[in-house]
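Before any comments, here is the structure.
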Amino acid sequence: MGYVLSARSVEAGGRARLARTPDEDALVARFAHDVQFRVALHAPARLFVHAGAVAWEGRVIALPGRTWTGKSTLAAALLRAGAHYYSDEFLVLDESGLAHAFPRPIHLRSLDGTTARHVRPDELGVVGATPLPLGLVVATAYRAGASWQPRSMTPGQTALVLLANAVVARTRPAHALRCIARAVDHGVTGLRGSRAEADDAARRLLDLAGFLFARSPAP
């Protein structure tokens, strides 16, 4: 016995198969993922960027990256360290550049990537709700044995990292650029570098964010 997930395709004039699995829970997870992606693709007044997002001291820290970069693991570690949860998958920006919460369950994989579990964010910490300015963009991925020594990015490089992970970067580039430019205008710091163990990186990241945000308070 198996389950099939399909969607009506206007372009193809029929139904397109999205997934087939013998596992009911996997099918529900695949359905939720597809709905979320379609919302991200068609939201008229929001920009969805593939990124983890947490709030700290009145600003949002974004962790842009695609699947397998470890953004969910780092987002969970940041929650354990005291940050407020916004998302582990989408940084959502409005047309004024403010970041909104998209608090879906956190998708955590095992170290070898063979299994995954979904954790309710309130099990790890506080879930945020208030739109906040972006304060820090950290382009990072897990690498065994890495030391946390991030390098600064220019505002232009920071914007390009966000654009590279925007869902509608190719289909609605003007909208993407407008939202990103306004978000970066809030005084965003960009960092790039590999990380190792998530909890250690999270503590160091929040210490650095607190220092940076104190020097440049949220507008």
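Any read-out appearing in this document is the output of simple, stated calculations on the displayed coordinates, not a laboratory observation. Given the structure is predicted, the values throughout are model-derived calculations rather than measurements. Don't worry about glycine lacking a Cβ; one is built from the backbone with ideal geometry, like all the others, and counts go over all protein chains shown.
Just rank Glu197, Glu57, fewest to most, by other beta-carbon atoms within 10 angstrom.
Details: Glu197 13, Glu57 17.
Listing Glu197, Glu57 from fewest to most nearby Cβ atoms yields Glu197, Glu57.
Just to be sure I understand: if I project the alpha-carbon convex hull of the stretch 90-185 onto a plane and average over all orientations, what area do I get in nm²?
Values: hull surface 32.2 nm².
About 8.1 nm², averaged over all directions.
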Any idea what Rg and Dmax come out to for the stretch 46-215 if you just take the C-alpha atoms, in Å? 14.6, 43
Among the trypsin sites (Lys or Arg not before Pro) in the stretch 159-217, which ones are in a DSSP loop with at most 11 other Cβ atoms within 10 Å of the Cβ? Mind listing them? Arg170
By Cβ neighbour count within 10 Å, fewest first, Leu124, Leu47, Leu160 rank Leu160, Leu124, Leu47
Can you sort His42, His175 by how many other beta carbons sit within 10 Å, fewest first? His42, His175
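Classify the stretch 113-155 as rounded, prolate or oblate from the Cα gyration tensor: take a ≥ b ≥ c as the square roots of its eigenvalues, call it rounded if a/c is under 1.5, otherwise prolate when a/b beats b/c and oblate if not.
Numbers: a/c = 2.85, a/b = 1.11, b/c = 2.57.
Oblate is the answer for the stretch 113-155, as a/c is 1.5 or above yet b/c matches or exceeds a/b.
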